[in-house]
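One structure coming up, written as structure tokens, with questions to follow.
Read-outs throughout are calculated quantities, based only on the coordinates presented, and are distinct from any laboratory measurement. Keep in mind that what you see is a predicted model, and the values were worked out from it rather than measured. With ideal geometry, Cβ positions are generated from the backbone for all residues, glycine too; neighbour counts draw on all protein chains shown.
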Amino acid sequence: MEKPYAESCDQNRDVILEVLRDTFADRKHVLEISSGTGQHAVFFGKHLPHLRWQTSDFASTHAGMNMWLEEAGLENVCSPLDIDVASPEWPIISVDAIFNANAVHIMSWSHVEKMFNGIGRVLNKGGKVCLYGPFNYNGKFTSESNTRFDVWLKERNPVSGIRDFEALDELAQKQGMSLLGDYEMPANNRVLVWIRTNK
């Protein structure tokens, strides 16, 4: 089996790290939802050694992801959990941080809702969530490239599409979270950060 590779991970990892370095400075245990190839996990785990970085994704991705994890040999990056965001139970009890990149525009809106419900079940009070990807504001695309990307996503799968920030923030608020930051990233992406204020 050939080790999987996602070029986008190498392209965005440094700018995301700068946000995580500050946002997760006081965190200990991070759950990465939809870790994909595992590239982000080994990069962030290496540069944020104070964190226990828990990877997760569908079981079908684990073999490829483990190739990255085993090659890196980082003690603070954990073998992937089998997490389907739509499941009413996740195989983890509590964390004080959650990271997710480039997933909410791929999954259906129903799955996005269920993902936030799952976050609500496992995120401790004071916990932080970092969500990376392209987002719309006030129902409008932020660039022509995002408009084209949304068309491509929907042609590939009609349930996909760039999500509205306001709708995501509403889901976060329902889980007792407040917006802590909204950071501009290259290529018309953002990092949204919420903090849980109650549980």
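Quick check on my filter: what residues within region 49-79 are closer than 24 Å to ARG196 by Cβ and in contact (Cβ under 8 Å) with a residue 40 or more places away in the chain?
Matches in region 49-79: LEU51, GLN54.
What about GLU170, is it charged (D, E, K, R) and either part of a helix (DSSP H, G or I) or surrounded by 19 or more Cβ atoms within 10 Å (Cβ to Cβ) (or both)?
On the way: charged (D, E, K, R): yes; either part of a helix (DSSP H, G or I) or surrounded by 19 or more Cβ atoms within 10 Å (Cβ to Cβ) (or both): yes.
Yes: the conditions hold for GLU170.
In region 173-194, which residues are surrounded by fewer than 18 Cβ atoms within 10 Å (Cβ to Cβ) and within 15 Å of VAL112 (Cα to Cα)?
Once the filter is applied, which keeps residues that are surrounded by fewer than 18 Cβ atoms within 10 Å (Cβ to Cβ) and within 15 Å of VAL112 (Cα to Cα), region 173-194 yields GLN173, LYS174.
Another one. Across region 27-55, which residue is surrounded by the fewest Cβ atoms within 10 Å (Cβ to Cβ) among those that are more than 16 Å from CYS9 (Cβ to Cβ) and touching a strand residue (DSSP E or B) at 6+ places or on another chain (Cβ under 7 Å)? Can you show your working first?
Going through region 27-55, the residues more than 16 Å from CYS9 (Cβ to Cβ) turn out to be 27-31, 49-52, 54.
Next cut, touching a strand residue (DSSP E or B) at 6+ places or on another chain (Cβ under 7 Å) only: 27-31, 51-52, 54.
Numbers: ARG27: 22, LYS28: 12, HIS29: 17, VAL30: 27, LEU31: 28, LEU51: 21, ARG52: 18, GLN54: 24.
So, considering only residues that are more than 16 Å from CYS9 (Cβ to Cβ) and touching a strand residue (DSSP E or B) at 6+ places or on another chain (Cβ under 7 Å), the one surrounded by the fewest Cβ atoms within 10 Å (Cβ to Cβ) is LYS28.
Okay, moving on. Show the residue pairs that are 6+ apart or on different chains and have beta-carbon atoms under 6 Å apart, the first residue being within region 118-138 and farther than 16 Å from LEU171 by Cβ, the second being surrounded by fewer than 22 Cβ atoms within 10 Å (Cβ to Cβ) and of a type in the set (Ser, Thr, Tyr).
If the second residue must be surrounded by fewer than 22 Cβ atoms within 10 Å (Cβ to Cβ) and of a type in the set (Ser, Thr, Tyr), the pairs left are ASN124/SER94.
Given the options LEU153, LEU131, name the one that is touching a Leu at 6+ places or on another chain (Cβ under 8 Å), of a type outside the set (Gly, Ala, Ser) and surrounded by 12 or more Cβ atoms within 10 Å (Cβ to Cβ). So that I can check it myself, show each step before the final result.
Details: LEU153 fails: touching a Leu at 6+ places or on another chain (Cβ under 8 Å).
So the residue among LEU153, LEU131 that is touching a Leu at 6+ places or on another chain (Cβ under 8 Å), of a type outside the set (Gly, Ala, Ser) and surrounded by 12 or more Cβ atoms within 10 Å (Cβ to Cβ) is LEU131.
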